[in-house]
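The block underneath contains the structure these notes are about, expressed in structure tokens.
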Amino acid sequence: MKRGLLYGLLLGAVAGSGFAADGNIFLYKLGDLEVYTLVENRGPGRPNVLIGADRAALDKYARGGNYQSETNTFLIRGPNQIVLVDTGFGTTLFESLKTLGVSPDRIDAVLITHLHGDHFGGLQKNGRPLFPRAKVYLAQQEREYWTKTSVNQGAVDALAPYGSKVETFLPGELGSKIQELLPGITPIAAFGHTPGHTLFMVESSGRKLLVWGDLMHAELIQFPLPDVSVTYDTDPAAAAAVRRRVLEYAAADKIPVAGMHLVYPAIGSVSGDGNGYRLTQAE
């Protein structure tokens with residue numbers, strides 16, 4: 001079955017509204033679910049954020065260390081629920097939702113992979129929740145770290161309008177039996193990028209997709225060189241270790257992945273390639 005479909009006609013119909021023909025929205029069919037990549041922005045990545053990559057390695061996989069980076073969110077639309085995974089900065093997200101005919105007040109749940117600003121920025125504006133119906137879910141470790149241990153005022157402000165509708169959970173270990181957070185969605189611990197960084201396994205009709213948040217920032221370099229981390233990682237060594245585990249798991253079990261900083265369509269299949277890995281993009 002074809003894994004993905006360009007939302008070309010739809011995007012073409014809204015030329016001039018910020019959507020390009022080469023795609024800012026991508027539809028991936030997963031059983032009974034529609035999973036949409038929503039691209040908020042794209043541009044050149046910064047080689048100086050890479051940790052542990054020498055010049056020869058950078059030139060081999062990305063000449064001069066030049067690579068493209070994106071900020072993506074993912075909308076999961078099913079028969080009984082509409083779920084948003086992260087909100088980006090919230091700059092073009094609402095235009096994308098409008099294009100898809102999804103009003104923000106129809107979103108049932110917002111899953112937050114971690115509390116960096118490019119993942120929660122669209123939760124609120126001027127103290128008002130932008131998804132008034134939704135519950136907001138994030139790992140207990142993540143919330144405690146950024147709201148108590150190492151206070152991120154932006155994160156505190158983003159969560160405040162949701163009050164008791166913010167629900168925390170303890171993500172499970174990769175490969176273990178994990179209780180569903182929502183029907184068809186289970187949270188998996190991937191600590192390292194942040195203390196509570198969480199992946200979400202989405203399943204429908206026996207098919208799976210692993211939405212892996214910020215497991216990777218520079219795909220041209222970090223797929224072949226998984227031990228390369230970035231300065232954004234709270235614990236670069238832990239981030240590299242969990243990246244290798246997840247890549248090995250996704251390749252061995254043939255589970256497609258989706259990433260907030262992968263390049264459009266930002267969904268694809270992982271396979272081994274020497275001591276590293278490669279991504280085959282969905283079509």
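For the reader, a short list of remarks on this structure follows.
- Rounded if a/c under 1.5, otherwise prolate or oblate - the chain, Cα gyration tensor axes: rounded
- Label-to-label distance, nm, for residues given as Glu95 and Glu248 (7 Å Cα→Cβ offset): 4.3 nm
- Magnitude of the charge dipole for the chain, about its Cα centre and with charges confined to Cβ atoms of Lys, Arg (+1) and Asp, Glu (-1), is about 340 debye.
- Taking 14 Å as the cut-off, the amide N atoms of region 228-260 that come nearer than this to a point 7 Å along the Cα-to-beta-carbon line of Ser271 belong to 251-256.
- Linear extension gain, Asp108 paired with Lys135, 0.36 nm per residue minus alpha-carbon span: 9.1 nm
- Considering only Gly206, Tyr145, Val230, the residue lying farthest towards the positive end of the dipole of region 4-281 is Gly206, judged by Cα position with unit charges set on Cβ.
- Nonlocal amide H pairs with Leu130, under 5 Å, H built at 1.01 Å: Gln124, Lys125
- Region 130-190 and region 56-77 have Cα centres lying 26 Å from one another.
- Residues in region 179-185 carry Karplus couplings, in order, of 5, 5, 7, 9, x, x, 10 Hz; the curve used is 6.51 cos²θ - 1.76 cosθ + 1.60 with θ = phi - 60°, and Gly or Pro positions show x.
- Checked against a 19 Å cut-off, the cross-linked pairs Lys148/Lys177; Lys177/Lys208; Lys29/Lys208; Lys208/Lys254; Lys29/Lys165 give Cα-Cα distances beyond that limit for Lys148/Lys177; Lys29/Lys165.
- The label point for Asn152 and the one for Thr231, both projected 7 Å from the Cα toward the Cβ, are 1.8 nm apart.
- Take every Cα pair under 8 Å whose residues are at least 6 apart in sequence, average their separation, divide by the length of region 4-281, and the relative contact order is 16 percent.
Any read-out appearing in this document is the output of simple, stated calculations on the displayed coordinates, not a laboratory observation. Owing to the predicted nature of the structure, the values given are computational and were not obtained by experimental measurement. All Cβ positions, even for glycine, are placed from backbone atoms using ideal geometry, and neighbour counts span all protein chains on display.
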